[in-house]
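Trainee: Dropping the structure in here first, questions after.
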Amino acid sequence: MNDDDREFVEHWCVQVGMRAVSGSPLLGLAGSCLGHTARRFGHLSDEAVAPAYSLAARAEVDSSDVDGRALDGLDDVRSFLHLW
């Protein structure tokens, strides 16, 4: 998260969030990192916002699939990108 290249950070958060297997702690981490990226840069591409919503939705349905960090990440995305 120390990288100044938002697109690079987004790319890897999305890749991890879309490729990790169900139940992997990497899924919640990816959602959380998308929230941190939104906070740090004040912007996310549409391609990065969509997985934040998807991971959070999965966490709401089954926390053994995606842990609750994805919900926290989506809260940050909504807050820092003014998507409420």
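Trainee: Going by accessible area, probe 1.4 Å, with all protein chains left in place, what is the ranking of Val16, Val49, Val21, Val61, largest first?
Mentor: Val61, Val21, Val16, Val49
Trainee: Helix-derived [θ] at 222 nm for the chain: sum -39500 (n - 2.57) over DSSP H runs of at least 4, divide by residue count, nearest 500?
Mentor: Dividing the helical sum by the residues of the chain leaves -23000 deg cm²/dmol.
Trainee: Of all accessible surface on the chain at a 1.4 Å probe, what whole percent is carbon and sulfur?
Mentor: Carbon plus sulfur share of accessible area: 53 percent.
Trainee: Oh, and also: Using the scaling law 2.2 N^0.38 Å as the reference, what is the normalised Cα Rg of segment 30-84?
Mentor: After normalising by residue count via 2.2 N^0.38 Å, the value is 1.00.
Trainee: Using unit Cβ charges (K, R positive; D, E negative) and no other charged atoms, how large, in debye to the nearest 20, is the dipole of the chain about its Cα centre?
Mentor: In debye, rounded to 20, the chain gives about 80.
Trainee: Within the chain, which DSSP H helices have Cα atoms that stretch 18 Å or more along the helix axis and a mean Kyte-Doolittle hydropathy of at least 0.5?
Mentor: Length and hydropathy pass: none found.
Trainee: Given Cα pairs under 8 Å that are at least 6 residues apart, what percent is the relative contact order of the chain?
Mentor: Answer for the chain is 33 percent.
The values are calculated or read from the model by the stated rules, or taken from the named source; none is laboratory data. Owing to the predicted nature of the structure, the values given are computational and were not obtained by experimental measurement. Neighbour counts are summed over all protein chains in view; Cβ atoms, including those assigned to glycine, are modelled from backbone coordinates with ideal geometry. Surface accessibility is based on the protein's heavy atoms, side chains included, excluding ligands, DNA and RNA. Shrake-Rupley method; radii C 1.70, N 1.55, O 1.52, S 1.80 Å.
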